Amino acid sequence: MRLLPLDYAVRNLGRRPTRTLLAAASSALVAALLVATAAFVRGLDRTFQGAARGDTAILLSSVAERDVVRSTVVAGLGELVAASVRGVATIEGVPAISDEIHMGTNLALPGDKRARPGFVRGVTERAFLVHDAVTLIEGRTPRTGEVIVGRLVAEQLGVEPVALELGKELSFEGAAFTIVGRFAAPGTTIEGEVWTPLAPLRGLTRRDDSSATFVKVTEPAAIAELELFAKRRLDLELVVIPTAIYYKELADYFAPIRNLSWALAGLIALAALFGGANTLNATVQDRVRELATLRAVGYGGWALVGSLAQEALVLASAGALVGLLAARLFLAGSSVRIAMSAFELTVDAPAVLAGIAGALILALFGTAPAAWRVLKLPVAAALKEN
Amino acid sequence: MALIELLEVTKTYRKGEHVVTPLANVSLSVDAGEFFVLLGPSGSGKTTLLNLVAAIDRPDRGSIRVGGVELGTASSSKLSDWRAEHVGYVFQQANLVPVLTAYENVELPLFLFGLSAAERHKRVAIALEAVGLADRATHLPKQLSGGQEQRVAIARAIVADPEILVADEPTGNLDHESAESVLDLLSHLHRERKKTVVMVTHDPRAARYGTRRMVLDKGELKEEGTAR
């Protein structure tokens, strides 16, 4: 099959500039939308995957139904584990075990009239041994009356980053805290958290327990030792969950949001598909005598379909390129607030590929009704059309 | 020797609720090298017959053989290939692609033959020279007069050097002077390049250019006379 020259397809796009621009804008929108959706979903997935480690497990209360905020474990659980369980990782002789309080609470900035839901974690210095994705990027570790904030806390609270600069104040549970550090934990939900020393937080919240204990082991198989410990110490009412499983379950909790995002993107893409199909159909209607002439000259129906597909693909590619640039410009580095955390959108190669592939596939499918019309074109009658 | 043979060809089509039969058991033979003119009033079936000869339509009954090839039963893709190689079609309106220059319009059929760019260039130049429009090669159709557009259409029809030229009222939309010029060109191609021309017209002045004329009326073909 010999196709018409690509020039023919490209120059045809200039025949109806408004129609061409609208179709390109539609392609750009679809590409940008698909990139945004893919970036959102991949960012969400990456966040949970980032926090999941094969060599780390969480000890939770067995009655907390795997909810770390509702969980309560004895205050000295970390020391008990260090003394009883083999295979716990040590760093410079210090066991990588972190007793922690996790709490969802209302945070307030000076002058705030309304509460801002946030997530606070009470930690010791050992938390940095277990959560090794966490890096202090500014300031120092907190002491009593002080906090350090994750890189995405400003986004999570819906405030300007300047409001959380070092030295600024943050209040919760009726007490004011000074921000003394900022940390990063790329690709994890931790970046949306506020960390403060564990013992003062216990006093403030009148608790004599912890929410959970995070334990890093020397190898994944050593998690079995932790499970054995939990079984032996029935009095502690513990359950051991590897973080890989814990965060996967959390990710599954957000599955409906992911699915809804794709469904919305799909519906909008479908609308664009019908719009594109309508445009191409109108194109065939406008050029019916010209197409019939090309058939009379000797071009087969499929050659004309190929030319129409070329037109659609050239247009979709140009539109997609604009859409991708816009997506890159506006989405890269931006973050999304979700529940009591936040995560960064991931505009990576698969997300971009989703945008390009989506726009091109839509263009090809959009050609179908026009292609059918061209293939069924009654050449003799069409030659007489005005 | 007969190049085009129609044997008891019938063609019907639907027009609203009515079935129209423009051709009923029509038989016709056109020799190679003839300039055959088909006359007849509007709606007499002239264009239908021409479309059958040019293989862009099929008969409901009967046989059409052109150059020994049975066209009535050939597949759609075979007919496309056959048209590209054997027939040049000149329409009542030039039907040029508006976004392509005269040169590019003439070049269009050559892409079907997989020729090199140099070979295509050579053939297009010859075709445009033959129709006297070598100096208008870069013009878009909207920059040409009606007569010039029709000449470009003729150049497009002859560029692949087909043995048959079919022309459907090629002067129908032209002023007298342009019409004469187009008819002279067709006549020249018939005489000098030995093309077999089948032309449909309802204009007796245009019909004078033919070496044989027939009249199609109410589905019947009648001999009208011989050439001047």
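The values are calculated or read from the model by the stated rules, or taken from the named source; none is laboratory data. Keep in mind that what you see is a predicted model, and the values were worked out from it rather than measured. Cβ sites come from the backbone with ideal geometry, for glycine too, and all protein chains shown count toward neighbours.
Table for the structure above
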| item | result |
| --- | --- |
| Residues of region A:1-13 classified as within 41 Å of the chain's Cα centre (by Cα) and facing another protein chain (nearest Cβ under 7 Å), total | 2 |
| 1 or more residues without any contact (Cβ under 8 Å) to a residue 40 or more places away in the chain and more than 9 Å from every other protein chain (Cβ to nearest Cβ): qualifying strands (runs of 3 or more DSSP E) within region B:13-120 | B:18-31 |
| Count of region A:46-68 residues which are more than 30 Å from A:PRO350 (Cα to Cα) and small (Gly, Ala, Ser) | 4 |
| Filter result (touching a helix residue (DSSP H, G or I) at 6+ places or on another chain (Cβ under 8 Å), more than 11 Å from chain B (Cβ to nearest Cβ) and closer than 30 Å to B:TYR13 by Cα) within region A:349-375 | A:THR367, A:ALA368, A:PRO369, A:ALA370, A:ALA371, A:ARG373, A:VAL374 |
| Region A:344-386, residues that are under 21 Å from the mean Cα position of the chain (by Cα) and part of a loop (DSSP other than H, G, I, E, B) | A:LEU345, A:THR346, A:VAL347, A:ASP348 |
| Test result for A:SER84, surrounded by fewer than 17 Cβ atoms within 10 Å (Cβ to Cβ), more than 14 Å from every other protein chain (Cβ to nearest Cβ), in contact with a strand residue (DSSP E or B) (Cβ under 6 Å, 6 or more places away or on another chain) and farther than 30 Å from B:SER76 by Cα | no |
| Where B:ARG213 falls short, out of the listed (1) over 26 Å from B:GLU129 (Cβ atoms); (2) not in a strand (DSSP E or B) | (2) |
| Members of region B:26-42 that are at pLDDT below 90 and surrounded by 15 or more Cβ atoms within 10 Å (Cβ to Cβ) | B:GLY40 |
| Conditions (1) surrounded by fewer than 16 Cβ atoms within 10 Å (Cβ to Cβ); (2) on the phi > 0 side of the Ramachandran plot; (3) not β-branched (Val, Ile, Thr): number failed by A:LEU325 | (2) |
| Condition check for A:VAL194: over 21 Å from A:GLN49 (Cα atoms) and either assigned to a loop (DSSP other than H, G, I, E, B) or in contact (Cβ under 8 Å) with a residue 24 or more places away in the chain (or both) | no |
| Which listed residue, of A:ALA292, A:ALA199, A:ALA309, A:ALA282, is within 14 Å of another protein chain (Cβ to nearest Cβ) and in a helix (DSSP H, G or I) | A:ALA292 |
| Qualifying residue in region A:333-340 (condition: more than 28 Å from A:GLY192 (Cα to Cα) and in contact with a helix residue (DSSP H, G or I) (Cβ under 7 Å, 6 or more places away or on another chain)) | no |
| Looking only at region A:246-282, and only at residues there that are under 19 Å from the mean Cα position of the chain (by Cα) and without any contact (Cβ under 8 Å) to a residue 24 or more places away in the chain, the one that is farthest from A:THR189 (Cα to Cα) | A:GLY266 |
